[in-house]
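Trainee: Structure provided below as structure tokens; questions to follow.
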Amino acid sequence: MESSVGPDAESTLIERARREPEAFGELYRRYVERIYRYHYRHVGNHAEAEDLTSRTFLHALRAMPRYRPRDGTFQAWLFRIAHNLLVNYYRDQSRHPAVELEDVPVLAAESGLWERLEAAELQRRLLAAFEQLSEERKTLLLLKFVEQLSNAEIAMVLGKTEGAVKALYNRTLISLRHALAEED
């Protein structure tokens, strides 16, 4: 779980991690769960997600001397590394990601049978519409809603401007609405 240490303490830790690889362990502990979830939601396989997570942190450790806070937050920089590894993974594997249905929370779990059936149907439709999106749009939604990154951080991860991220987000929501409307 990420600790609630402020940006000044994290900056100090980052500076220590540049000189002392052992200090990198604290950064690892802060972000490993989020990076793992990000990879797992893309690949849908625990072993692959663990491998990608390990590779993300190995790349980050090796690249620590090149990290510049003025280019964005450490978190965004780390997600950028994770994103690049996923792009390479798909290029190398020629696979498509899967989000397993069990990973999506069941809506209205305490409701009656009819409400649960409706929620399950909506969940199925949303998942089907999500699966039809491009990798870039899936990544955008995962970073925004699951990882709760800001538009500026998402822009850094995707290598786009903040305005381009906002436009892509709007187009993605519109295409999801159209996909759901077509099913009706």
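Trainee: Quick test for you: out of Ala63, Ala23, Ala76, pick the one residue that is part of a helix (DSSP H, G or I), over 16 Å from the mean Cα position of the chain (by Cα) and within 25 Å of Asn151 (Cβ to Cβ).
Mentor: Only one candidate passes the filter, namely Ala63.
Trainee: Next up: Only one residue in Glu182, Glu136, Glu162 is among the acidic types (Asp, Glu), over 19 Å from Ile81 (Cα atoms) and either exposed (fewer than 14 other Cβ atoms within 10 Å of the Cβ) or without any contact (Cβ under 8 Å) to a residue 60 or more places away in the chain (or both), so which one is that?
Mentor: Answer to the check: Glu182.
Trainee: So the check is Cβ under 6 Å with 6+ separation or different chains; which pairs have a first residue in region 38-64 that's within 13 Å of Arg80 (Cα to Cα) and a second one that's among the small types (Gly, Ala, Ser)?
Mentor: Tyr38/Ala82; His39/Ala49; Thr56/Ala82
Trainee: Which is of a type in the set (Lys, Arg), in contact with a helix residue (DSSP H, G or I) (Cβ under 6 Å, 6 or more places away or on another chain) and modelled with pLDDT under 90, of Arg125, Arg137, Arg116?
Mentor: Arg125
The values are calculated or read from the model by the stated rules, or taken from the named source; none is laboratory data. Keep in mind the model is a prediction, meaning the values are calculated, not measured. So basically every Cβ, Gly included, is an ideal-geometry build from the backbone, and we count neighbours across all protein chains shown.
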